[in-house]
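This report refers to the structure that appears directly beneath it.
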Amino acid sequence: MNRLPLSGHRILELGRGLAAAYATRQLADVGAEVIQLGGRGELEPEGLNAQVHRNKYGCSLDPRPAASRELVLRLTALSNLVVIDDDQPGIGRDEIVGRNDDSIVLVMPGDHDLGLAVHEAARDWSSLQPASIVGMFAVAAAGMALQRRRMTGEGAQVTVSAAGALLSLSAARREAGPEQAATALPPDPAALLEDEDLKARAFFEPVARPGAGVSMMDGISWAMSRTPAHVRLPAPAPGEHDDYVLRTLLGLGDSEVAVLVAEGVVTPRPA
Amino acid sequence: MSSLPLDGLTVLEMGEGVSAAFCSKLLAAHGAEVMKVDPIARGSATDEGLYEYLHSGKRSIAIDIETDDGREVIRRLVLRAEALVENFEAGYLASIGLPFEDLRRRKPRLLMTSITPFGQGIVHSGDAEAESRGAGTPGDRVGHPDAEYIAGIQAFAATSVGLYACNYQEVGQWIDISVQACLVASLAVDWGGSRLIEIPFPVTAEGRRPTAEPGSSIRFSDVEPDQAGAPVPGEHTEEILADIGLRGDEIAGLRDRGVI
């Protein structure tokens, strides 16, 4: 059995923006155990969220209140890499590095920064997700940071810039003026689902979600010869992996979990 | 003083156009030693600004890879590299005697990242491969002026993660990047519902920040990216050949036979 590139690596997704979500999606796609924490709303994931959060694990522990601070810091110490937004409240890079000085922290642009960068780039992004492009730079940063730590033992704090990422695209073409940029063809999703070349690489995958049936979604963008990757898990329902994170990873017992529930910091799934 | 993250890693770049070049440029900026393989015919760059942008930080060897001598040099360069990034037409390298399986036999940890418009047309299932050539024609089913750059960024990410993984797992692999798949993966579409998604971006006037320069996409807090210039094609041919152990008379022989 060939292990995926990031099999056995744990990544904590504290960032709430779309760029962070796309970054950790790709890392999860190639085998990482990505844990998302709670406070994101009670809704079951569907539509775009079902696609963006596939292959991830979800714990309802809300990282924002002071009551969860110590537990979140312990989770960062149990993770190979932590993804945060640069404008998020709560635990930031200094605290994470303070807990483990060889931490790898990726600092992502939040949705506001992303929107600003899209606006300033003055390009036609009408059918694209700039967050997925910015997220891909973060994936590269993750690979590079892990590589450096393996060789030198040093951690890293890496900032991913939405403006820098989007402006890096066809930098020379940009000088020709904005009127040359907007020639994207709006895609027909139904036609793409039937596209022969995408079928030839089995790009779309049917994914089952309990209570929601089976639907198609985009698969893994890298076709790897020795470790082909697939959608292994649907996007997590809120609190779906509470037991794994709270009891197995953090070692909490019944009474400790009950306190967290009473404080509203953990929201168990209805039975 | 911290090191650049890809210090000590060597990448061989082959092909033409944007995607492999942009991928390798990004690898070079973060410390990889990139050797670009150029053709021996010296055409002038049609867009010098774009050439400078795409090839900053690289060295260039100009060599005819359609000769036996040229291919043997490539095989020796592969021994020195951790990764090969290429965007030739699917099957081209195999057709001239440089298939991945051969390169991997010589260099078991080799990571090869190949970028093509529609992929290699092979479905991998781990140990076996099945030919599954699509009947698609290149065209305008989905297009975007930044498609090659988006694929280059995906290849950059795949090569960065792949270099780490091939290193610690001690075994290489071949990553097949399709420009089309990269573009489709970036589309704002709910595939289950087969519909485009409107993503509203909140933008307010306050807190506007200065526009960033390209190249500042990723910043490690403790080290600055490399800012070297682009090579003249073939500028480093002799030095690279000397690095892989060719003597002066062997290099002269290659030149006499028109290989370099």
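Every number here is computed from the coordinates shown, using simple stated rules; none is lab data. Everything numeric in this text was worked out from a predicted model, so none of it was measured. Please note: Cβ atoms are built from the backbone with ideal geometry, for glycine as well, and neighbour counts cover all protein chains shown.
Between A:Ala131, A:Ala140, A:Ala28, the residue with the greatest mean-square fluctuation in the GNM of chain A (Cα pairs under 10 Å linked by springs) is A:Ala140. Along the axis of the charge dipole computed for the protein assembly as shown (Cβ charges of +1 for Lys and Arg, -1 for Asp and Glu, origin at the Cα centre), the listed residues A:Val259, A:Val158, B:Gln180 are led at the positive end by A:Val259.
Between amide H atoms placed 1.01 Å from N, distances below 5 Å from B:Ser56 occur with no residue 5 or more places distant or on a separate chain.
The fraction of all Cα pairs in chain A landing in successive 10 Å bins from 0 to the largest distance is 6, 27, 34, 23, 8, 1, 0, given as whole percents.
Here the stretch A:1-120 is assigned +1 on the Cβ of each Lys and Arg and -1 on the Cβ of each Asp and Glu. Its dipole about the Cα centre then comes out at about 460 debye. May I ask for the Rg/Rh ratio of the stretch B:1-73, computed from Cα atoms with Rh as the Kirkwood radius, given to two decimals? For the stretch B:1-73, the value is 1.01. Computed about the Cα centre, the dipole magnitude for the protein assembly as shown is approximately 920 debye when only Lys and Arg (+1) and Asp and Glu (-1) carry charge, each at its Cβ. Think of the stretch A:194-240 as a dipole: +1 on every Lys or Arg Cβ, -1 on every Asp or Glu Cβ, centred on the Cα centre; then among A:Ser225, A:Ala202, A:Ala212, A:Ser225 lies furthest on the positive end.
Where Rh is the Kirkwood radius over the Cα pairs of the stretch A:205-271, the temperature 37 °C and the viscosity 0.692 mPa s, what D in µm²/s does Stokes-Einstein return?
223
B:Tyr92 to A:Ala191: FRET efficiency via 1/(1 + (r/R0)^6), r the Cβ-Cβ distance, R0 22 Å, to the nearest 0.05? So, using R0 = 22 Å, E works out to roughly 0.15. Can you tell me what share of the DSSP beta bridges in chain A is antiparallel? A percent to the nearest 5 is fine. Antiparallel bridges: around 25 percent, rounded to the nearest 5.
Apply 1/(1 + (r/R0)^6) to the Cβ-Cβ distance of B:Arg195 and B:Glu16, taking R0 = 45 Å, and write down the FRET efficiency to the nearest 0.05. Could the numbers behind the result be given before it?
On the way: r = 37 Å, r/R0 = 0.83.
Once rounded, the FRET efficiency stands at 0.75.
Taking Cα centre as origin and charging only the Cβ of basic (Lys, Arg, +1) and acidic (Asp, Glu, -1) residues, the dipole magnitude of chain A rounds to 800 debye. Does the stretch A:63-163 classify as rounded, prolate or oblate by the C-alpha gyration tensor (a ≥ b ≥ c root eigenvalues; a/c under 1.5 gives rounded; else a/b over b/c gives prolate, otherwise oblate)? The shape class here is oblate.
Counting only DSSP beta bridges with both residues in the protein assembly as shown, tell me the antiparallel percent, nearest 5. Provide the component values of the computation, followed by the final result.
On the way: 18 of 59 bridges.
Antiparallel bridges: around 30 percent, rounded to the nearest 5.
Put +1 on the Cβ of every Lys and Arg and -1 on every Asp and Glu Cβ in the protein assembly as shown; which of A:Ala67, A:Ala235, B:Val189 then has its Cα farthest towards the positive end of the dipole? So the residue we want is A:Ala67.
What is the gain in length, in nm to one decimal, between A:His230 and A:Val214 on full extension, counting 0.36 nm per residue of separation less the C-alpha to C-alpha distance?
Contour length minus Cα-Cα distance gives 4.2 nm.
Over the C-alpha trace of the stretch A:49-102, radius of gyration and Dmax come out as 12.1, 34 angstrom. State the Cα centre-to-centre distance between the stretch A:1-63 and the stretch A:212-271 in whole Å. If you average the Cα positions of each part, the centres end up 9 Å apart.
Expressed in nm to one decimal, what extension gain is obtained for the pair A:Arg40 and A:Ala122 from 0.36 nm per residue of sequence separation less their Cα-Cα distance? Write down the numbers at each step before the final one.
On the way: separation 82, 0.36 × 82 = 29.52 nm, distance 3.04 nm.
Difference between extended and current length: 26.5 nm.
Springs join every pair of Cα atoms under 10 Å in this Gaussian network model of chain A, and among A:Ser132, A:Ser170, A:Ser60 the largest mean-square fluctuation is at A:Ser170.
Among A:Met151, A:Met217, A:Met108, the largest mean-square fluctuation in a Gaussian network model of chain A, built with springs joining Cα atoms closer than 10 Å, belongs to A:Met151. Charge tally around B:Lys107: other residues with Cβ under 13 Å, Lys/Arg +1 each, Asp/Glu -1 each, net +3. Three semi-axes describe the equivalent ellipsoid of the protein assembly as shown; taken as square roots of 5 times the Cα gyration tensor eigenvalues and ordered largest first, they are 39, 25, 23 Å. Here each label is just a point 7 Å from Cα along the line to Cβ, and for B:Glu52 and A:Asp94 those points are 4.0 nm apart.
Once Rh for the stretch A:1-119 is found with the Kirkwood sum over Cα pairs, what is the Stokes-Einstein diffusion coefficient at 20 °C and 1.002 mPa s, in µm²/s?
Details: Rh = 14.7 Å.
Here the translational diffusion coefficient equals 146 µm²/s.
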